[in-house]
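The block underneath contains the structure these notes are about, expressed in C-alpha cells.
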Amino acid sequence: MDLKSLFKKAGNTLEGGVRVVKKRSSTLSCPRCGSEYDKESVLKNYWACPRCGGYFRMSARRRLRFLCDEGTFRELDGDLVSEDILHFPGYGEKLAKATEKCGQKEGVLCGTCKIDGQNTCIFAMEPDFMMGSMGSVVGEKITRLFEYATEQALPVVGFTVSGGARMQEGIVSLMQMAKVSGAVKRHSDAGGFYLTVITNPTTGGVTASFAMLGDVIIAEPGALIGFAGPRVIEQTIRQSLPKGFQRSDFLLSHGFLDAVVPRQELKDFIGKMLRFHV
Amino acid sequence: MTIYEKIQYTRSGKRPTAAAYVDAIFHDFVQLHGDRRYGDDSAVIGGIALLGDTPVTVIGIEKGTDTKDKIQHNFGQANPEGYRKALRLMRQAEKFHRPVITLVDTAGASCGIGAEERGQGSAIAENLYEMMTLKTPILSMVIGEGGSGGALALAVADAVWMLENAYYSVVSPEGCASILWKDSAKAAEAAQALRPDAQSLYELGIIEKIIPEPEDFSQEDAKKTFFHSLKEDLSKEICRLQKEDLDVLLAARYEKFRKVGAYDRNHH
C-alpha cells in the first residue's frame, strides 16, 4: 500500500487496511445501559459493553476484522453499485447518503478469508447502508459468492442484519430472495457447508430467504429475528407482544436456531464448525 | 385504471378467487389437507386434479368469498403450515412426475404471534429453496394480489403469468408510503413508484405472460370465455414444459431468477 492511498477517502479494500477517516467523538455510549466508554475499551471487549454486555452495532468491516485471520480477507465484487431501475423518488439521494454514512458502496461485504486457518467464503451485511436492505447488488453479490464457493468447493459463513427487501427497487428486490435461495441450494446440493450468523435485527425478506437456509444457524444473544417486524404485528393484532418475542432465545426455544452464541465466542464456534466440515 | 385503482380492484372481492379457477379449469379435483407437521392451513388449498387428461398438482391461496368464508380462509393470508403444506404437495408432485400449477392471491403472509412462533420466515425460505430445484414443471399465476414474500413462496416457477389487473409487489403501497413518507395516504403515489402492475413486470422480465381479463367478471358469458381460453393456454404451456428435458428446464428456471437485478460496476 502506498502512502497516498492512506489518505484516500472511503477506501473499500479491507485487505489494504484502509479505513475511513471521519471526525467523530471517541466516546461511545452503550445502546442498552447508556454507559460511556472510549472506543479502545469497547474494541477490546469485542464491541460489547464491559458493564452490561449489551452489543454495539458493528459495521461489516469491523465484523470481519474480528473474525478473519489477520490479513487474509480478499474482497469480491466490491465495486458493484445499485442502479435506480424504477427511477424511484429519492432513491438516488438515499444511496449517496448511505455511502457517505458508512463509507461502503452497498449493503453487503463479500469475500474469502481464513478463520482459524480454515479457508472460507464470507459475507457480512452492512447495518448502516439503508438498514442492510436487500436490493439487486446485495442479492447479486451474495449469489456470486455462493456460486464461487460452489465452484471452489468452499464453505460460506454469512452474517445477516437487515430490515428486509429494498422497497425502492420494487419487484426486482423481491426476486433477489429467490435468486439467492437458488444459489444457496446449488451450493448445498454440491455438498457445500453454510453457516448463518443472525445478528440484530434481521427481518423480512432476508429472514425469509438466506438467513434461514444455513446448515447451521446461530444468532447473537438478544437479536431481533422475524419475518414481520414487531411494530407491524402489534398494529395488526392490536395487542402488545410478550417479552422476549422474536428474540434469539425465543427462536432457539421454538426450534429455529442451532445455538445462541455470544459475540466473544463467535470466532471459536465458527472455526470449530469449519473444521468439522473440511 | 391507474395502478392503485387496479390494486384496489384486486381487493374488491369482485374477482374470482383461487377456488373458482380450480372449479372452472380443472376436473376431478381432490383436495389434500395438512402439512404433516403441525396443522392444516385453510388459506392454502391444494390437491390433485386433471387438466384435460393430465394429472396435475394444483395449489392456490384462497381468500374466500363471503364474510364467513373469508374468515375461514384467513383472508388468504397463509401461515407457515400453509406454505409447508404447499411444499409437501409439490414434493409429492415431483415424485409422481406431475406438473405443479399455483394460483397466487394474497395481500401477504399471515402476520401474527403464531406465524412467528412457527417460523414464517423459515417456511417461506424453504419453499424458495426447494422450488428452485423441484424436478417437475411449475407454472405460477398471480390472479389477484401478489403480496411480497408470501406470494413469492408459491411463485418460484418455470413460467410466471399474471392477470391483466393483478399486481405483484415487494411491499403494499400503503406500507411503502407509511415507511418512506410516514403517510399511508400517499399509497397511490407509492403504487405508481413501485410499478407492481402486470405490464411493468412484463417489461422488467419478471413474468412471461399477461392474461387478458373480461371487463366484468360478474358477466357469466365473459367469465366462461375467459376460463375457457385460460384453460387452453395452460394446457399448451404445461404440455410444452413437460416435453422439456429436465436438466434444461431446471437450468432455465435458475437463470430466470438469476438474471434479475440492476447494478453497475463503479470504477472510482
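Within segment A:233-251, count every residue that is buried (at least 18 other Cβ atoms within 10 Å of the Cβ) and part of a helix (DSSP H, G or I).
Qualifying residue count for the region: 4.
Inside segment A:252-278, can you point out the residues that are over 26 Å from A:Gln152 (Cβ atoms), in a helix (DSSP H, G or I) and of a type in the set (A, V, I, L, M, F, W, C)?
A:Leu252
Limited to segment A:62-102, what total is found for residues that are more than 14 Å from every other protein chain (Cβ to nearest Cβ), in contact with a Lys or Arg (Cβ under 8 Å, 6 or more places away or on another chain) and free of Cβ contacts under 8 Å to residues at least 60 places away in the same chain?
3
If A:Lys185 meets every condition in (1) in contact with a Gly (Cβ under 7 Å, 6 or more places away or on another chain); (2) facing chain B (nearest Cβ under 8 Å); (3) farther than 21 Å from B:Ala78 by Cα apart from one, which number is that one?
(1)
Can you tell me which residues in segment A:49-75 are surrounded by 18 or more Cβ atoms within 10 Å (Cβ to Cβ) and under 17 Å from the mean Cα position of the chain (by Cα)?
A:Tyr55, A:Phe56, A:Met58, A:Ser59, A:Ala60, A:Arg61, A:Arg63, A:Leu64, A:Leu67, A:Cys68, A:Phe73, A:Glu75
Filter segment A:76-111 down to residues that are of a type in the set (Gly, Ala, Ser) and not in a strand (DSSP E or B) and give me whichever is nearest to the chain's Cα centre (by Cα).
Among those that are of a type in the set (Gly, Ala, Ser) and not in a strand (DSSP E or B), it is A:Gly107.
Among the listed residues B:Thr102, B:Thr65, identify the single one that is part of a strand (DSSP E or B) and either of a type in the set (Ser, Thr, Tyr) or more than 30 Å from B:Ser218 (Cβ to Cβ) (or both).
Working: B:Thr65 fails: part of a strand (DSSP E or B).
Checking each option against the conditions leaves just B:Thr102.
Among the residues of segment B:70-97 satisfying the criterion of being surrounded by fewer than 22 Cβ atoms within 10 Å (Cβ to Cβ) and of a type in the set (Lys, Arg), which is farthest from B:Thr17 (Cα to Cα)?
Result: B:Lys95.
Identify, please: which residue in segment B:171-202 is among the polar types (S, T, N, Q) and closer than 27 Å to B:Ala159 by Cα and is, among those, farthest from the chain's Cα centre (by Cα)? Talk me through it step by step, then tell me what you get.
The first filter runs over segment B:171-202 and keeps only residues among the polar types (S, T, N, Q), leaving B:172, B:178, B:184, B:192, B:199-200.
Next, from what is left, pick out any that are closer than 27 Å to B:Ala159 by Cα: B:172, B:192, B:199-200.
Details: B:Ser172: 15, B:Gln192: 21, B:Gln199: 17, B:Ser200: 17 Å.
Among residues in segment B:171-202 that are among the polar types (S, T, N, Q) and closer than 27 Å to B:Ala159 by Cα, the one farthest from the chain's Cα centre (by Cα) is B:Gln192.
At pLDDT 95 or above and more than 14 Å from chain A (Cβ to nearest Cβ): does that describe B:Ala222?
Yes: the conditions hold for B:Ala222.
Under 8 Å between Cβ atoms, at least 6 apart or on separate chains: pull out the pairs that start in segment B:117-144 with a residue that is facing chain A (nearest Cβ under 9 Å) and at positive phi and end on any residue that is at pLDDT 95 or above and part of a loop (DSSP other than H, G, I, E, B).
Listed pairs, sorted by first residue: B:Gly119/A:His254; B:Gly119/A:Gly255; B:Gly119/A:Phe256.
For segment B:162-213, enumerate the residues that are buried (at least 17 other Cβ atoms within 10 Å of the Cβ), more than 11 Å from chain A (Cβ to nearest Cβ) and polar (S, T, N, Q).
B:Asn165
Okay, residues lined up against (1) facing chain B (nearest Cβ under 9 Å); (2) modelled with pLDDT under 95; (3) in contact with a Leu (Cβ under 8 Å, 6 or more places away or on another chain):
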residue: A:Ile171; (1), (2), (3): yes, no, yes
residue: A:Tyr194; (1), (2), (3): no, no, yes
residue: A:Ile198; (1), (2), (3): no, no, yes
residue: A:Phe210; (1), (2), (3): yes, no, no
residue: A:Ser240; (1), (2), (3): no, yes, no
residue: A:Leu252; (1), (2), (3): no, no, no
residue: A:Asp268; (1), (2), (3): no, no, no
residue: A:Lys272; (1), (2), (3): no, no, no
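Let's see how each residue does on (1) part of a strand (DSSP E or B); (2) of a type in the set (Ser, Thr, Tyr); (3) closer than 23 Å to B:Glu237 by Cα:
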position: B:Ser12; (1), (2), (3): no, yes, no
position: B:Pro16; (1), (2), (3): no, no, yes
position: B:Phe29; (1), (2), (3): yes, no, yes
position: B:Val58; (1), (2), (3): yes, no, yes
position: B:Ile71; (1), (2), (3): no, no, no
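The values are calculated or read from the model by the stated rules, or taken from the named source; none is laboratory data. Every value quoted in this text rests on a predicted model; they were computed, and no experiment measured them. Positions of Cβ are generated from backbone atoms using ideal geometry, with glycine treated the same way; all protein chains shown enter the neighbour counts.
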